[in-house]
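> Have a look at this one.
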Amino acid sequence: QVQVVESGGGLVQAGGSLRLSCADSGRTFSSYTMGWFRQAPGKEREFVAGVHRSGILTYYADSVKGRFTISRDNGKNSVYLQMNSLKAEDTAVYYCAAATVYGSNSPQAYTYWGQGTQVTVSS
């Protein structure tokens, strides 16, 4: 089982950067694809980025390509989201999640979820 906790959110000005972290306290972290999703007020939860359990393969939503980078360290049971050139529309609660399949951008494909961390970008 995967139990993840996100950290690193906060308030940043437009154009700035933040790095989110997600740590798993379980023993099977390296078996899962890990993903980041976000949800803004009044909107549905949307996919941001995903990384294969190997850490080699990644995929992104078009809205963040070239600005965000997902990575993982299986030795530390952690996944990261480096967010650069932040925009006001990136404001949302960001969630870390785990899936047994690779390549899906649907929340339904992800089994385990963290509680989320707030990211606010001021314009």
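The values are calculated or read from the model by the stated rules, or taken from the named source; none is laboratory data. Model, not experiment: these values are computed from the prediction. So basically every Cβ, Gly included, is an ideal-geometry build from the backbone, and we count neighbours across all protein chains shown. Please note that ligands, DNA and RNA were not included when accessible areas were found on the heavy atoms of the full protein model with its side chains. Shrake-Rupley method; radii C 1.70, N 1.55, O 1.52, S 1.80 Å.
> (1) assigned to a loop (DSSP other than H, G, I, E, B); (2) touching a strand residue (DSSP E or B) at 6+ places or on another chain (Cβ under 8 Å): which one isn't true of VAL79, the others all being true?
(1)
> On to the next question. Within the stretch 75-110, take every residue that is in contact with a Lys or Arg (Cβ under 6 Å, 6 or more places away or on another chain) and small (Gly, Ala, Ser) and give me the one that is farthest from GLY16 (Cα to Cα).
ALA92
> Failed condition for GLN1, given (1) closer than 16 Å to GLY114 by Cβ; (2) open to solvent by 60 Å² or more (accessible area, probe 1.4 Å); (3) in a strand (DSSP E or B), with all others met?
Every listed condition holds for GLN1 apart from (3).
> Could you check the stretch 113-123 and list, in sequence order, the residues that are at pLDDT 95 or above, open to solvent by 40 Å² or more (accessible area, probe 1.4 Å) and not β-branched (Val, Ile, Thr)? Step through it out loud before you land on a result.
The first filter runs over the stretch 113-123 and keeps only residues at pLDDT 95 or above, leaving 113-122.
Filter again for open to solvent by 40 Å² or more (accessible area, probe 1.4 Å), leaving 113, 115, 118, 120, 122.
Matches in the stretch 113-123: TRP113, GLN115, GLN118, SER122.
> May I pose another question? From (1) in contact with a strand residue (DSSP E or B) (Cβ under 9 Å, 6 or more places away or on another chain); (2) small (Gly, Ala, Ser); (3) part of a loop (DSSP other than H, G, I, E, B), pick out the condition that doesn't hold for ALA49.
(3)
For (1) within 17 Å of VAL119 (Cα to Cα); (2) modelled with pLDDT under 95; (3) of a type in the set (Val, Ile, Thr); (4) open to solvent by less than 20 Å² (accessible area, probe 1.4 Å), each residue gets a yes or a no:
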| site | (1), (2), (3), (4) |
| --- | --- |
| GLY10 | yes, no, no, no |
| LEU18 | yes, no, no, no |
| ARG27 | no, yes, no, no |
| ALA40 | yes, no, no, no |
| LYS43 | yes, no, no, no |
| VAL51 | no, no, yes, yes |
| THR58 | no, no, yes, no |
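> In the set SER71, SER63, which member is of a type in the set (Gly, Ala, Ser), assigned to a loop (DSSP other than H, G, I, E, B) and open to solvent by 30 Å² or more (accessible area, probe 1.4 Å)? Walk me through how you get there before you give the answer.
Working: SER71 fails: assigned to a loop (DSSP other than H, G, I, E, B).
Going through SER71, SER63 in turn, just one is of a type in the set (Gly, Ala, Ser), assigned to a loop (DSSP other than H, G, I, E, B) and open to solvent by 30 Å² or more (accessible area, probe 1.4 Å): SER63.
> May I ask you to say which residue of ARG27, ARG67 is free of Cβ contacts under 8 Å to residues at least 40 places away in the same chain and over 25 Å from SER123 (Cβ atoms)? Walk me through it before giving the result.
Values: ARG67 fails: over 25 Å from SER123 (Cβ atoms).
Answer to the selection: ARG27.
> Let me ask something additional. Among the residues of the stretch 97-110, how many are of a type in the set (S, T, N, Q) and under 14 Å from the mean Cα position of the chain (by Cα)?
Number of matching residues: 3.
> For the stretch 105-123, enumerate the residues that are in contact (Cβ under 8 Å) with a residue 40 or more places away in the chain, within 23 Å of ARG27 (Cα to Cα) and outside any strand (DSSP E or B).
Across the stretch 105-123, the qualifying residues are PRO107, GLY114, GLN115, GLY116.
> Kindly provide the set of residues from the stretch 74-97 that are of a type in the set (A, V, I, L, M, F, W, C) and surrounded by 14 or more Cβ atoms within 10 Å (Cβ to Cβ), ordered by number.
VAL79, LEU81, MET83, LEU86, ALA92, VAL93, CYS96, ALA97
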